[in-house]
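Everything below concerns the one structure shown next.
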Amino acid sequence: MTPNPDQLARLARRLALPEREPDEAFVARVRLARSAAGLAREAERSRREQLIVEIGGGGALLFAASQLGRIGEQAASLLAPAATSLGGLALFGLAAAMMLSTLGGEREGLA
Amino acid sequence: MAELAHQADETLAEAAARGDGAAFERLVRRHERVVRGFLARLAGPNRADDLAQETFLTAWTKASAFTGEGRYKGWLMRIAWRSFLMDSRGRGRRLPEHKGTSGIPEQADRSDAERDLIVEDALGRLKPEDRAAVVLCLVLGHSHGEAAQILDMPLGTLKTRVARGSAKLIELLGDTDDPES
């Protein structure tokens with residue numbers, strides 16, 4: 001059965017939405033939801049920025065560590081030939097001299 | 001503020017797209033009755049307000065997506081329909097096509113609330129797409145073309161859904177002008 005226009009008009013009247021003034025409580029609810037969504041977006045942006053800074057900091061630390069490692073390798077490559085050319089007694093003397101110098105420094109610091 | 005009240009939807013929508021909250025609020029005030037009414041007819045009064053809030057929030061965050069083609073109200077209805085569909089899918093079900101088995105209550109001595117329940121019950125017996133098509137065309141006065149765009153379906157399908165849904169409602173509610181009878 002296909003309804004005729006009169007039947008459709010009668011049905012439309014039965015289904016009609018009631019007329020009323022705007023619902024200010026609902027308008028306020030949407031306003032609050034917009035504010036909350038804005039704050040959430042802002043917090044998300046802050047978290048992203050913080051993450052970028054942390055990743056950058058981590059990268060800088062890694063770079064510094066690799067540089068230190070490289071310097072250490074260079075120092076080792078300089079010292080290794082000397083260590084092999086020096087005798088055991090000379091190495092012991094060198095280590096003792098370094099220890100004494102460190103202890104002397106500490107004593108001066110305490111005084 | 002008083003100026004905003006007389007501005008066309010499209011002007012207000014343009015302002016909203018530029019971040020003008022007052023303009024957007026005017027649009028909410030102007031359309032909330034229809035959007036909530038549409039969603040209440042679709043999803044029932046309990047879910048309607050949450051879905052309407054979601055609809056307006058999407059309209060605000062995607063305000064720049066309104067290109068001015070077609071009416072702003074139609075654009076809002078399209079968002080409302082998608083919100084309804086997503087919500088229904090998110091709940092892992094479609095709205096039931098049949099609510100209960102008690103049938104339409106006797107029509108004598110009814111209050112407004114009872115009459116609303118009867119209409120709600122009858123609408124609940126339609127498929128969601130049929131229900132949306134009937135409400136958009138018969139209740140909210142959209143043309144078949146507009147309703148087809150809002151519901152994203154071919155025009156012929158839309159017309160079939162309006163005819164089928166209307167016939168079913170007339171069968172359920174009776175062919176009368178007087179809600180008291």
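The values are calculated or read from the model by the stated rules, or taken from the named source; none is laboratory data. A quick note: this is a predicted structure, and the numbers were derived from the prediction, not measured. Neighbour counts run over all protein chains shown; Cβ positions are idealised from the backbone, glycine included.
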Spot the failing condition for B:Thr11; the list is (1) at the interface with chain A (Cβ under 9 Å from one of its Cβ atoms); (2) free of Cβ contacts under 8 Å to residues at least 24 places away in the same chain; (3) among the β-branched types (Val, Ile, Thr), and only one is missed.
(1)
Taking only the range B:44-61 into account, find how many residues are within 9 Å of chain A (Cβ to nearest Cβ), of a type in the set (A, V, I, L, M) and buried (at least 22 other Cβ atoms within 10 Å of the Cβ).
1
Answer yes if at least one residue in the range B:42-55 is over 16 Å from the mean Cα position of the chain (by Cα) and within 17 Å of A:Ala33 (Cβ to Cβ), and no otherwise.
no
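Yes or no, residue by residue, for (1) of a type outside the set (D, E, K, R); (2) part of a helix (DSSP H, G or I); (3) within 17 Å of B:His142 (Cβ to Cβ):
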{"position": "B:Gln7", "(1), (2), (3)": "yes, no, no"}
{"position": "B:Arg26", "(1), (2), (3)": "no, yes, no"}
{"position": "B:Arg33", "(1), (2), (3)": "no, yes, yes"}
{"position": "B:Leu57", "(1), (2), (3)": "yes, yes, no"}
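Does A:Leu32 satisfy being surrounded by 10 or more Cβ atoms within 10 Å (Cβ to Cβ) and farther than 30 Å from B:Arg30 by Cβ?
no
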Selection from the range B:18-43 of residues that are more than 9 Å from every other protein chain (Cβ to nearest Cβ) and hydrophobic (A, V, I, L, M, F, W, C):
B:Ala22, B:Ala23, B:Leu27, B:Val35, B:Leu39, B:Leu42, B:Ala43
Among (1) exposed (fewer than 10 other Cβ atoms within 10 Å of the Cβ); (2) within 30 Å of B:Ile170 (Cα to Cα); (3) not hydrophobic (A, V, I, L, M, F, W, C), which single condition is A:Arg14 missing?
(1)
Qualifying position, being out of contact with any His (no Cβ under 8 Å at 6 or more places or on another chain) and within 14 Å of another protein chain (Cβ to nearest Cβ), among A:Leu100, A:Leu94, A:Leu11, A:Leu68
A:Leu11
Pairs returned, first residue in the range A:29-54 that is touching a residue at least 12 places away in the same chain (Cβ under 8 Å), second residue that is among the aliphatic types (A, V, I, L, M) and surrounded by 10 or more Cβ atoms within 10 Å (Cβ to Cβ), beta-carbon separation under 9 angstrom, 6 or more apart or interchain, are none
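Any residue that is on the phi > 0 side of the Ramachandran plot, loosely packed, with under 10 Cβ neighbours inside 10 Å, at pLDDT below 90 and in a loop (DSSP other than H, G, I, E, B) - is there at least one of those in the range B:68-75?
no
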Failed condition for B:Ala48, given (1) touching a Leu at 6+ places or on another chain (Cβ under 6 Å); (2) at pLDDT 95 or above; (3) of a type in the set (A, V, I, L, M, F, W, C), with all others met?
(2)
Counting only residues that are buried (at least 18 other Cβ atoms within 10 Å of the Cβ) and touching a residue at least 12 places away in the same chain (Cβ under 8 Å), which one in the range B:148-163 is nearest to the other protein chains (Cβ to nearest Cβ)?
B:Val162
Given the criterion farther than 25 Å from B:Ala16 by Cβ, at pLDDT 90 or above, part of a helix (DSSP H, G or I) and out of contact with any Ser or Thr (no Cβ under 8 Å at 6 or more places or on another chain), identify the matching residue among A:Leu51, A:Leu32, A:Leu78.
A:Leu51
May I ask you to list the residues in the range B:118-128 that are surrounded by fewer than 16 Cβ atoms within 10 Å (Cβ to Cβ) and more than 11 Å from chain A (Cβ to nearest Cβ)?
B:Lys127
Is one or more of the residues making up the range B:173-181 more than 8 Å from every other protein chain (Cβ to nearest Cβ), small (Gly, Ala, Ser) and in a helix (DSSP H, G or I)?
no
